[in-house]
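Beneath this line is the structure, given in structure tokens, with notes to follow.
We did not get these values from a lab; they are worked out from the coordinates using the rules stated. Bear in mind the structure is a predicted one, so any value in this text is a computation, not a measurement. Cβ atoms come from the backbone with ideal geometry, glycine included; neighbour counts cover every protein chain shown.
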Amino acid sequence: MKEIFNNLMNAFKPPMQPLEDGAIIVHNDYKLDTSKQPLHFKPSLHRHVVSQKIINKDDFIAFVTEYRTDATKLFYDDGSVRAVFNYITAEKADYGDSTATMPLVLTDDYKEYRRSNGCQITQKDFIRFLKRMEPFIVALDNKKADDMDIIEMAENLQGITTIDSIQRNASNKFTIDATVRTGKQNVEIPRIITFEFPIYANDRVLTTRFETELFLSAQDGTFIAELICYNIDQLEEETRRLLTQSICDGIEGVKAFQV
């Protein structure tokens with residue numbers, strides 16, 4: 001009797017019913033028949049969810065400005081800046097899952113400089129370092145450096161075959177009593193080398209100056225160099241603060257929070 005009743009009820013139901021995702025439900029056995037789903041069917045979107053990663057600072061600001069809502073908030077830490085477009089408000093709950101993230105990416109030049117900071121390096125590696133960083137050397141012993149000074153210094157160092165002594169003269173420069181390929185010669189090397197270049201690839205216009213003290217010691221007829229920037233951590237932190245602040249200032253009407 002129950003089976004007869006169920007068959008009677010099903011007889012009044014439509015044999016097929018389309019669902020919102022385009023599938024067809026067959027009432028006799030409630031199986032999905034996707035063969036009748038239209039080609040290239042796209043269901044309607046109920047929620048607008050953004051999940052985007054952007055490296056360039058200006059692009060990030062433009063993207064957040066375009067998609068922001070009254071609920072949008074910015075959150076930043078040492079590694080990234082994150083915009084949450086549908087953040088919860090005092091009046092309305094939301095998922096908080098629609099976001100754009102800008103990871104803070106270190107430049108290759110800064111990573112190379114940081115690796116060399118505080119490490120003893122050979123004469124050959126020191127010359128290689130100077131040649132690589134030559135575009136970013138802005139001062140020698142706090143005096144403006146031109147390209148010829150830096151190139152000449154590197155070439156003189158490259159010509160040294162043996163070293164008799166290393167001394168500091170009255171001007172705090174290093175004087176190397178050395179034998180170069182052209183014969184006996186004294187070579188002067190500055191004690192303070194100032195570099196300027198961007199720390200973060202997100203904003204290559206934002207540069208940082210690194211005043212770097214050079215130490216030299218003679219060893220086995222050559223020299224060992226050590227470059228030290230004493231406040232490198234402070235400079236990186238200050239630059240990161242300037243970068244994140246410029247992003248927050250560039251997106252008007254959106255509050256930012258450090259997390």
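Residues in region 112-138, backbone N under 19 Å from the label point at E152 (7 Å along the Cα-to-beta-carbon vector): list them, ranges by number please. Answer for region 112-138: 127, 130-131, 134-138. Report note on the peptides 130-142, 74-86: ranked by the mean count of other C-beta atoms within 10 Å, highest first, their order is 74-86, 130-142.
Can you figure out the FRET efficiency of T161 with C119, using R₀ = 35 Å and their beta-carbon distance, to the nearest 0.05? E between T161 and C119, to the nearest 0.05, is 0.90.
The packing ranking, built from the mean of other Cβ atoms within 10 Å per residue, places the peptides 219-232, 90-103 in the order 219-232, 90-103, highest first. With bins 10 Å wide starting at 0, give me the P(r) of region 51-103 over every alpha carbon pair, in whole percents. Final binned percentages: 26, 55, 17, 1. Calculated FRET efficiency, T69 to D141, Cβ-Cβ distance, R0 = 41 Å: about 0.15 to the nearest 0.05.
Simple spin-label estimate for V50 and E211 gives 4.3 nm between the two label positions (7 Å along the Cα-to-Cβ direction from each Cα).
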